[in-house]
1. Note the full-extension length gain between Glu217 and Lys855 as 0.36 nm times their separation in residues minus their Cα-Cα distance, in nm to one decimal.
2. Mean separation of Cα pairs under 8 Å and 6+ residues apart, divided by the residue count of the stretch 482-582: what relative contact order is that in percent?
3. Calculate the spin-label point distance for Ile885 paired with Ala262, positioning each point 7 Å from the Cα along the beta-carbon direction, and give it in nanometres.
4. Would you calculate the convex hull of the Cα atoms in the stretch 266-338 and tell me its volume per residue in Å³?
5. Between Asn716 and Ser575, take the C-beta separation as r, use R0 = 51 Å, and let me know the FRET efficiency to the nearest 0.05.
6. Give me the percent relative contact order of the stretch 539-684, please, defined on Cα pairs under 8 angstrom at least 6 residues apart.
7. Enumerate the lysines that Lys410 could reach by cross-link, defined here as Cα to Cα under 17 Å, with residues fewer than 8 away along the same chain left out.
8. Quote to one decimal, in nm, the extra length available between Ser407 and Met194 on full extension: 0.36 nm per residue of separation minus the C-alpha distance between them.
Amino acid sequence: MPVRQLKEGSEQHLVIKPHLNNSVNQVQKQLKTARNGKSPPGQENQNAKANNQSSPPSKSRGRRRGRGGRKSDQGDAFMRPSTRPCTAEYSPAAQVSARLSTAVEINNSNGGTFCEAGRNFPSSSKSLSFAQRPGYGQLGTKCVVKANHFFAELPEKDLNHYDVSITPEVSSRNMNRAIMAELVKLYKESDLGMRLPAYDGRKSLYTAGELPFAWKEFDIKLTDEDDGVNGPKRVREYKVVIKFVARANLHHLGQFLAGKRADAPQEALQILDIVLRELSNKRYCPVGRSFFSPNIRKPQRLGEGLESWCGFYQSIRPTQMGLSLNIDMASAAFIEALPVIDFVAQLLGKDVLTKTLSDSDRVKIKKALRGLKVEVTHRGHIRRKYRVSGITSQPTRELVFPVDDNSNMKSVVEYFQEMYGFTIQHTHLPCLQVGNQRKANYLPLEACKIVEGQRYTKRLNDKQITALLKVTCQRPRDREHDILQTVQHNAYDQDPYAKEFGMNISEKLASVEARVLPAPWLKYHENGKEKDCLPQVGQWNMMNKKMINGMTVGRWACINFSRSVQENVARGFCSELARMCQVSGMEFNPEPVIPIYTAWPDDVEKALKHVYHACTNKLKGKELELLLVILPDNNGSLYGDLKRICETDLGLISQCCLTKHVFKISKQYLANVSLKINVKMGGRNTVLLDAISCRIPLVSDIPTIIFGADVTHPENGEDSSPSIAAVVASQDWPEVTKYAGLVCAQAHRQELIQDLYKTWQDPVRGTVSGGMIRELLVSFRKATGQKPLRIIFYRDGVSEGQFYQVLLYELDAIRKACASLEPNYQPPVTFIVVQKRHHTRLFANNHRDRSSTDKSGNVLPGTIVDTKICHPTEFDFYLCSHAGIQGTSRPAHYHVLWDENNFTADGIQSLTNNLCYTYARCTRSVSVVPPAYYAHLAAFRARFYMEPELQENGCGVGQGTKNTRGAGESGVRPLPALKENVKRVMFYC
């Protein structure tokens, strides 16, 4: 299906892209000093006038509209020269084109060619090196912070890798560890030559020094302790073969840590990580890289049979200070070790001992218990464990099974009485089904208890999330104290494995030199009392300010889905909101098109269509510009259903408000909602003063487009529903404030964004190019009248293990998208990965010093670290760009993987920090650079667009593909298209 084209001069904001009918191209094998500019507003304006660098926003805005060439699939008008200069320091497009004119042709995976502007890309990830650190940042106020990194001394011993083969094969890591623990116990002093090996639980064993053999076979017998103390115990026999594989090169690791080698010796790092985890694996319950225990802190109940366990995260990392052990506190939800009958009562929230269960109750119990381990309690000391496969559809009193080959039947109640002397009391309840389909596969609920230490991996409900957050939310001082206490409790200096491998771990937090970057000046409308603003500690407000581009809302309506909100209350709220929009700089009609309409949440589609048609009739064909919606505080799927219907069916832009805010009207809340409404209408709330003065290094000099990209994946347990990719791009250079976006569904848990660049065959036009990057470049050209001559790409949600793969694939897609628009068009690209899911935390050096912390006790917004705890050679930094509200702030980790724009450290750091003050939804700096934030919001919003049955059944790829029309070869059902009037606005804000 051809990619939808933009209308002349339009500004497109979030288009749903149908999945295109061709498979994902393989990764291309042949891929291939800034100043701060801060000054008070008065001085800034003088500088601008002296250098003839900028025009008033109201004038330049008019010149930016309506630009763009004629409509063309292949972008023949995309590169049409523009007559609009930016500033005196703007390098004309011709100069950049000339600089990039030397092109080489590289064969692509389809046998064609595309132009690559003089850059030789590596043939694979092995020869790819990420951007090297260009130096250290100097801007900002210097300070010292502490980080939860602990120096780990590099051992001097030889590390040896051995392969482990266990027969019969065991799938459980715990069982593998038990087998190897028995082997070490029996043979350490003899066959193992006094070595104490570290084991990964699978196929690898590591030693400090060589074992006395290169290959050896061992016979190991394990007694099943679950069989209790009475009677014979089961003995299992295993054959273990240990074979030498290789010696790890610690010299290589030392050179890497010293910055003398660029490639990290992953095997050596992995060995050291496993060594330091070995003792914790025995002490605690391991989950990923974290360890949990009910003894670290008393578990807190979360409701419905769940409880939170406290634990700690641990990982060895290469840093500039050498090896670092990263320790952080963690919490997770576990199944409470309750009698099963008590668990069921908590799950259902009712008395199950006297009341019968409904069919829906049985389904809920089955979903909750399936896959869990239970132990029997009716056999005294014998506590045999079973895994639950389901529950019976009949009550226990009706269950019978054959006892012999002659089909003689016996009831479950009789069997337990005769065999174990156990009287089943609650025969109206079902039985658990465990093991294979034999006579022993029925277990009464009251005869079972849930085995301790089973993590809950499904989605938590809102109440459980709130309860878990209360447990995990720690002030910085408390978190720091707990981290230090964890390190002391782990006593790495007494760890036999650390001693064996010669590893010493410091017990002191790393002291790190940091800087606090200054907040940028923000520009507001000239008609306000305050025309510009300097945020204080990451915050400011809209008092005495007006939006720099306030929009007009003349036609609006309100629908009320909350039964507790009376019409006069809703009317008063709408009136206050309209007044706030006017005060903030919008033109907002105080009267709705039709009276406020009240409806039941169950009738969402019917109610929306009624309001839509009523307004259309009254407006005689004119579009309703805005729909205000009052929702119940607990609205379930109502919000998602409403957004899907409004944006893919009716073409309505909506703003939802919860009941609690309607009753308790706060000026701060109304001001934030007005900001969102203005952006949804296509306006801008504020811009960076440096941007309109064209003083942002490597952004203001030539037309620059800033991308944000993210992929959101389904919740755990959804095995087939698609992942959603989103890409947004700035549309208003040089201000860099408004963004357009595209989203698409792609294969389940696919991290590479498959639709960045696409080609497909059209029966009339032949090979047609498209994809999200290409469309956003065209959109930028039409919105600004300029062609992007520089690309900055912020990529969210990529783990370190995926850096190479994502960079190779997605940078190649960017190159192809550019080349498809015009020969020799290859603007330089800077590719930055943004990570929030890490465990580095920054703490004030002195918690009592109020001048070095914000109100929550966290480090000040703008705090940046690019030394000591960062990568030994690559271009990365930690930035805490926001003020903390509660808990401990998490800095964002930015890793510059590719940089053809030759940013200085100060250049990319100050740009990233300044952009964090341009987020449209609030008057606070945010924790993640806005383009990446917007991409995440867009992808999250798009998940609502999937048809309800797909969300419920998770059949984005499985059974849902039977009825797919227009799906791509990957079998992913495309998202429904947005209505035309919705595409033009940042409605995901």
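Nothing in this text is a laboratory measurement; each read-out follows from the coordinates by a stated rule. Values in this document were obtained by computation on a predicted structure and should not be read as measured data. All Cβ positions, glycine included, derive from the backbone under ideal geometry; neighbour counts span all protein chains shown.
1. Details: separation 638, 0.36 × 638 = 229.68 nm, distance 6.23 nm.
The span from Glu217 to Lys855 would gain 223.4 nm if fully extended.
2. Working: 59 pairs, mean separation 14.9, N = 101.
Across the stretch 482-582, relative contact order equals 15 percent.
3. Those two pseudo-labels are separated by 4.2 nm.
4. Values: hull volume 7.1 nm³, N = 73.
Normalising the Cα hull of the stretch 266-338 by residue number yields 97 Å³.
5. Numbers: r = 45 Å, r/R0 = 0.87.
Result of the calculation: an efficiency of 0.70.
6. Details: 218 pairs, mean separation 49.1, N = 146.
Computed over the stretch 539-684, the figure is 34 percent.
7. Answer for Lys410, where 17 Å is the Cα cut-off: Lys439, listed by chain and number.
8. Details: separation 213, 0.36 × 213 = 76.68 nm, distance 5.90 nm.
Full-extension gain reported as 70.8 nm.
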